[in-house]
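See structure below.
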Amino acid sequence: MAVIDQELESNGGYPRAGSEDLAHLPGNPPKIPLLGTIRFIKDPLGTTMKAHADYGNVYKSKTFMQWSVSMLGPDALEMVLMDREKNFSSRAGWHHMLSRLFSDGLMLRDFDDHRAHRKVMQVAFKPGPMKDYLLRMNGGIEQRLDAWGKTPEFKFYPQIKQLTLDMGASVFLGIDAGPEAQKINQAFVDEVAASIAVIRKPVRGFAMHRGVEARKFLNGLFADLIVERRAAGEQGEDMFSQLCYAESDEGQMLTDQEIIDHMNFLLMAAHDTTTSSLTTMMWALAAHPEWQERLRKEITEIGGAHLSYEDIAKMENAERVFKEALRMIPPVPFIPRRVVRDFEFEGKVIPAGSNVSVSPGYVHMMPELWTDPAKFDPDRFSPNRAEDRNHKFAWAPFGGGAHKCLGIHFAYMQVKAFAFQFLQRFRISLEPGYEPQWARIPIPKPLDGLPVKIEKL
Ligand code: HEM
């Protein structure tokens, strides 16, 4: 029987198991405290592969001061993410990392409550609003690329991060670039930094304090925006306006606090993930000029200065490259859950209260599923090879099941809209022999910012 944690709510609404509940599972705590966490942060995939070699598909480990059960392989992904028996809480799984700053966002809701909120939010991702977002994106991309043209050598990661931040203010909030957008961007950056802060208490001078203050600022700003947008009497073209008017089947609108929570979470869910995957994709294209040319040809054949909504599906080669980038360096390499009732996996009982973790990052590198998994080979996603179909969960950068990423099509659209304009204007390259080092968690990024050269075409 799991040890019941007294602070139930502070644990995401479900009790947490103690180490004694996991005694029957393989896996040893490191002799030096925190060593497991340090090793894991340095090389999460390597650590996972070694643990797999030592213990198999199910083992326990202690990272970030918490015991967790790793469940490896595509069957584990399917079992946990599809959650056909309602055994897993996403809210409690993500609680430690996200609850203080991104409380009550979709990933922090479970079961019926989650389903009801997700349904209302889906309105904001229908083709009508998506077409409006694309128009805003195209304008924002063009502005930034004009500036990039003036500096042929720069670090790609901070630049693309700025571009996606600007787009966040414009597409998500309907606020154009300027001092207000900049203030919002900074608040948002502080919030995200706090979500991974080691010191979890909001002590002045530390990241969590800055994050909590930023959340207060954004709450106030969003509350004012709700009044403004609803008073306008007609729906604007940004995502925030969509949420202000979204209704359930019974005609019920979201409350002000729900809109604030969802918007805050959406910005977070969209931002670093897209920044990370665009960085991986452009690094891969810089390292593989033959693919860059293939995409450029595709874009030239489609024609036009900006990508139109109708032409998104025509960017088939860009889609393969994006999928391969997401396979090699998935922005969410591990997905946590808390077990709400005992269950069995591969003959081992995993008790209620356990934190479990499944790993798209590990599955994407399994030689049983992928030919030469370390090789950049976008054609593995071509219809005749379709390696992603080797298992329903062979390729799962967007998760799966009830919590599957709500922004998938948005992400494809943004990445393709960027590639469409960028590759028409520039050729991108790396210093000969250059290999980036990646920080893989919480969301991958190149440690040196990814220095690149761009040449005007
Ligand atoms: C390449 C970009 C992206 C990747 C790799 C990605 C990945 C993911 C993953 C793995 C999850 C599921 C996490 C879990 O099951 O615990 C998720 C959930 C989510 N994502 Fe994304 N995401 C991306 C972009 C976006 C964008 C652009 C948006 C919004 C515009 C977005 C909004 C969300 C939301 C709202 C959820 C929660 C869904 C739910 O709980 O029902 N994501 N994402």
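The values are calculated or read from the model by the stated rules, or taken from the named source; none is laboratory data. For clarity, every value in this text was computed on a predicted model and none was experimentally measured. Methodologically, a virtual Cβ is constructed for each residue, glycine included, from the backbone with ideal geometry; neighbour enumeration extends over all protein chains shown. Side chains included, ligands, DNA and RNA excluded: accessible areas come from the protein's heavy atoms. Shrake-Rupley method; radii C 1.70, N 1.55, O 1.52, S 1.80 Å.
What to note about this one:
- Look at the dipole of region 322-423 built from charges on Cβ: of Trp395, Ile329, His409, the Cα furthest out on the positive end belongs to His409.
- Taken per residue, the accessible surface of the chain reaches 45 Å², heavy atoms only and a 1.4 Å probe.
- Inter-site label distance for Ile41 and Tyr309 at 7 Å from Cα along Cβ, in nm: 4.4
- Translational diffusion coefficient (Stokes-Einstein; Kirkwood radius from C-alpha pairs) of region 43-99 at 4 °C, 1.567 mPa s, in µm²/s: 101
- What a 1.4 Å probe finds exposed on the chain is 55% carbon and sulfur by accessible area, rounded to a whole percent.
- Look at where the Cα atoms of region 394-446 and of region 107-166 average out, and the two centres are 12 Å apart.
- Radius, Kirkwood style, for region 137-205 when every pair of distinct Cα atoms is counted (Å): 13.6
- Computed per residue of the chain from DSSP H runs no shorter than four, each worth -39500 (n - 2.57), the mean residue ellipticity at 222 nm is -15500 deg cm²/dmol.
- Exceeding the 25 Å Cα-Cα cut-off - candidates Lys119/Lys161; Lys155/Lys456; Lys131/Lys404; Lys42/Lys161; Lys42/Lys62: Lys119/Lys161
- In loop segments of region 189-229 as defined by DSSP, the trypsin sites (Lys or Arg not before Pro) with at most 10 further C-beta atoms inside 10 Å of their C-beta are Arg204.
- Computed over region 270-413, the alpha-carbon pair-distance distribution with 10 angstrom bins reads 10, 35, 34, 14, 5, 2, each value a whole percent.
- Peptides ranked, highest mean first, by Cβ atoms within 10 Å: ranges 400-411, 162-173: 162-173, 400-411
- Radius, Kirkwood style, for the chain when every pair of distinct Cα atoms is counted (Å): 23.1
- Take every Cα pair under 8 Å whose residues are at least 6 apart in sequence, average their separation, divide by the length of the chain, and the relative contact order is 24 percent.
- Centroid-to-centroid separation of region 206-229 and region 282-326 [C-alpha atoms, Å]: 37
- Amide H contacts of Asp342 (H built 1.01 Å from N, in plane; Pro and chain starts excluded): Ala352 sit under 5 Å, all sequence-distant by 5 or more or on other chains.
- The P(r) of region 378-428 has a tail past 18 Å containing 54 percent of all C-alpha pairs.
- Electrostatic dipole magnitude of region 73-456 [Cβ: Lys, Arg +1; Asp, Glu -1; Cα centre; debye, to 20]: 720
- Exposure here means at most 11 other Cβ atoms within 10 Å; with GluC sites (Glu not before Pro) in a DSSP loop as sites, the longest stretch of the chain lacking them is 86-233.
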